[in-house]
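To start, the structure under review is shown below, and the notes come after it.
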Amino acid sequence: MGKAELPLHAPGTQLDRGYIGQSVPRPNAQRLLQGRGAFIDDLRFPRLAHAAFFRSPYAHARIKKLDFSIALKQPGVIGIFDGRAVAEYCTPWVAVLAHLKGIKSPPQHAIAIERACWQGEACAAVVAESRSQAEDAVGLIEAEWEELPVVVDMEASLRGDVVIHEELKDNVCFRRELDTEGVAGAFSGADLVVEDTFHFGRHTGACLEGRAILADYNAGEHSLTVYHATQAPHMMQDIFSRHLNIPEANVRVIAKDVGGSFGIKVHVYPDEMATAALSVMLRRPVKFVADRLESFLSDIHCREHRVRVRLACMKSGEILAFDLDDLTALGPYSVYPRTSGIEGNQVVNLTGGPYKHREYRARMHAVFTNKNVTCQYRAVGHPIAVALTEGIVDLAAQKLGMDPAEFRRRNLIADDAYPYTFPSGIKFEKLSHHQCLDKLLDLMGYQKLRQEQDRLRRDRIYRGIGLAAMIEVTNPSPAFYGVGGARISAQDGATLRLEPTGMVTVMCSVTEQGQGTEGIFAQIAASAVGVSIEKVRVITGDTGVTPYGGGTWASRGAGIGGEAVLQAGRALRANILEVAAATLKLERGLLDIVDNSVVDRLTLETRMPLAELGRVAYFRPDTLPPEFQSELTVTRHYTPRQYAFTFTNGIQASLVEVDPDTGFVKLLKHWCVEDSGTVVNPMLVDEQIRGGVVQGIGAALYEECLYGPDGQLLNGNLADYLVPMAPEMPDIVCAHVETPTRQSQLGAKGVGEAGTAGAPAAVMNAINDALAPLGARVTRMPFTPERILDGIARARTRA
């Protein structure tokens, strides 16, 4: 077996951008591996191997030489592979979407071949019998580098002082402009124009569980089984199939319970693709788990923006127009397959979202830098759009001397104005801004808090109240990715099966990342079929078992996956009643299912337990009428079609106290009123909101990936990168308005990202409200004590 031929997928004359590549002759296994620095003689007993990656210490450098000779001699080392070796098995990708007009990116390989373009990019892979042996060998790889000019600053990147990828001509990955054409007139006719510049610090997910993958290639079947901490198993099944040249039906991706993801684990990572390729190359299972230090260097980052925004309004408070210019820094590549253009695109789509102005102009540039790649992270684009909108709205209210709650009341889209089309072109089905505002003000005791604030200011205690109205994209249709050519499913599927014992098995394509979807599905299935919840078993995240679907992203679990479960559950209930009617020789309309039994619809008298019905249907179908066939397994799929997105809305408020001597911010209380349609499980919904609020607070006060001018990450560890901790968090009070979507029977909208979307803006406005008596204002997140003190000092200088 040591000389067996191995399958190979190599790129043809044109780079694979997501389509089937070409097959080429298979090289001899020994020759290929020996040529890349490893000699494998016995592949008969494929024990689990572990991968570790040699990563670039430079932000931008040419790889002149890699010397594996010493590392190959270390105990336990199975093989060491450079980018060219892996590229013979795994084709590169280019992350673009057709509906993001003009987006561009260079080809990216699983392991860098000629250049490393950010600190931490994988340049070689070591496979060994244990993780520690692989890591030891990584430390003994010798490399010769040619350092290249580094692009870190986004303004310099936009100017093109240094172009990272010469073949692209400039550093602009994606640009977008939107103009309703009446903006200039609105600003010239306004009573008041306010303008400010907001900065948002780059940050990352810091998931409880790091990225993890175990790939197991079976050469006899030419099949690949991948145990993967991913949010989208079917998407990854397709990608492994196309880039490793394995038939899709031969690829199985299994995503068990994942320890947090927040969008971090919905992307294609080069080191994970390399791990799968190594399994194919070595014909043995290979495992890779990112440790915390390399997670900071390789997990996607997000939200590095500089945005100038203007608002025009009348003395009455009526908003006439918004105008923004957004510059956002990516890494050196657009991330596959969702691209790195979506975040900036969302900022353009959503800024000004809750308000009824008619004029809007936006410009956005997303530029490459030699920092880690950026892509979608929880509430993609929303925290920036909401902070821009609500920050400039508060400034306008302050300049007019108007209470910020009253300013919002005069401008929020009326609850009876739907369906409604926003100036950016997005369409709203039915929202409830005014109901949410009224409920929030009552919930928090707004007027009493204002009175207490005035009293405390006289004692030089500076408390602030911040409001933030918001909209949120949920339940996305194929208009999100499918129209751009991405093979990312907008639908989800659910299969429900009545077992012979009367149990109900639910198999759904949405994955469990800790958000509680399995609990929701069990609830929905139990209610739809008529069984108790302990009789329901839920299976998710396995492409070999579940129907095809999109997985977990964009707050779609309950709204899309839950709808599929509901429809399948109702169909299964109907089929069970057909079996019961045939067995009992009664009209189906006289029967129902309650508490795990078929009952008389009028008297609720038990006629047959479901376990007995299952016994008859599966083991004694001969007792049923000859023409009757029971169908106790049902599959249904669902995707929204009437609207591109099912928007939710809500409003948050934050109460803080700022110490002007130290710059410290104390979070006193936070409120959120959210309209996420039908609330299936109030406890899960509230905790989703609270978790999201905590992540939003992290962005507002603590989290930032700091880079030096040489492109070195300065705080890539949990000692220096601050995340919100329980002792600093305030009480978070949640309440709800329910406006079910009419696109589905369940009526559920998404809720998983709402807290993250609104919290940074609410905290920012609360801080600035607290600083108002001092004449200070801060707009650079995160709002560290240093930045707050600097804002106070600048205010004193101006005075």
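The values are calculated or read from the model by the stated rules, or taken from the named source; none is laboratory data. Since the model is a prediction, treat every value here as computed from it, not as a measurement. Backbone-built Cβ (ideal geometry, glycine too); neighbour counts: all protein chains shown. Side chains are part of the model used for accessible areas, which takes the heavy atoms of the whole protein and leaves out ligands, DNA and RNA. Shrake-Rupley method; radii C 1.70, N 1.55, O 1.52, S 1.80 Å.
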>> Given an 8 Å cut-off on Cα distances and at least 6 residues of separation, report the relative contact order of the chain as a percent.
In response: 14
> Distance in nm between label sites at E318 and L604, each 7 Å beyond Cα in the beta-carbon direction?
Replying inline: 5.7
>> Please compute the per residue accessible area over the chain with all protein chains in place, 1.4 Å probe, rounded to a whole number of Å².
In response: 37
> Between the DSSP loop rule and a limit of at most 11 other Cβ atoms within 10 Å, which GluC sites (Glu not before Pro) in segment 156-236 are left?
Replying inline: E181, E221
> What 222 nm value per residue comes from the helices of the chain, counting each DSSP H run with n ≥ 4 as -39,500 (n - 2.57) and dividing by all residues, nearest 500 deg cm²/dmol?
Replying inline: -8500 deg cm²/dmol
> Which ³J(HN,Hα) values in Hz, rounded to whole numbers, follow from the phi angles of segment 416-432 under the Karplus curve 6.51 cos²θ - 1.76 cosθ + 1.60, where θ = phi - 60° and Gly and Pro get x?
Replying inline: 9, 9, 9, x, 9, 10, 7, x, 6, x, 6, 10, 9, 6, 6, 10, 9
> Given N residues in segment 616-669, what is Rg(Cα) / (2.2 N^0.38 Å)?
Replying inline: 3.00
> Over the chain, how many percent of alpha carbon pairs lie in each 10 Å bin up to the one with the longest distance?
Replying inline: 3, 13, 21, 23, 18, 13, 7, 2, 0, 0
> Once Lys and Arg get +1 and Asp and Glu get -1 on their Cβ, which of I239, G260, S223 lies farthest toward the positive end of the dipole of segment 200-273?
Replying inline: G260
> E155 label point, 7 Å along Cα→Cβ, cut-off 20 Å on backbone N: hits in segment 321-347?
Replying inline: 324-331
>> If I stretch the segment between F664 and I70 completely, what's the gain in nm (0.36 nm per residue apart, minus their alpha carbon distance), one decimal?
In response: 208.7 nm
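Using 0.36 nm per residue of separation minus the Cα-Cα distance, give me the extension gain between L718 and Q745 in nm, one decimal.
On the way: separation 27, 0.36 × 27 = 9.72 nm, distance 4.44 nm.
Full extension from L718 to Q745 adds 5.3 nm.
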>> Suppose the chain between Q629 and R460 were pulled fully straight at 0.36 nm per residue; how much longer would it get relative to their current alpha carbon spacing?
In response: 52.9 nm
> How far apart, in nm, are two points set 7 Å out from the Cα along the Cα-to-Cβ line at Y418 and at A184?
Replying inline: 3.7
> Considering only Cα-Cα distances, which of the following residue pairs are longer than 24 Å: K356/K749; K65/K104; K101/K427; K287/K535; K399/K427?
Replying inline: K65/K104; K287/K535; K399/K427
>> Suppose a student asked you for the relative contact order of segment 531-612, using Cα pairs under 8 Å spaced at least 6 residues apart; what percent would you report?
In response: 21
> Check A49: other-chain or 5+ apart residues with amide H under 5 Å from its amide H, H built from backbone geometry?
Replying inline: V286, K287
> Given the C-alpha centroids of segment 701-732 and segment 668-689, what is the distance between them in whole angstrom?
Replying inline: 26
> Do any trypsin sites (Lys or Arg not before Pro) in segment 319-365 lie in a DSSP loop with no more than 14 other beta carbon atoms within 10 Å, and if so, which?
Replying inline: R358
> Roughly how big is segment 573-680's charge dipole about its Cα centre, with Cβ charges of +1 (Lys, Arg) and -1 (Asp, Glu), in debye to the nearest 20?
Replying inline: 320
> Label points 7 Å out from Cα along the Cβ direction at E166 and E499: separation in nm?
Replying inline: 6.4
> Under a straight-distance cross-link criterion of Cα-Cα below 13 Å, which aspartates and glutamates are reachable from K669, leaving out those fewer than 8 residues away in the same chain?
Replying inline: E657, E728, D731
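With a 1.4 Å probe and every protein chain kept in, tell me what percent of the accessible surface of the chain is carbon plus sulfur.
50
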> FRET efficiency for R487 and E209, Cβ-Cβ distance as r, R0 = 22 Å, nearest 0.05?
Replying inline: 0.25
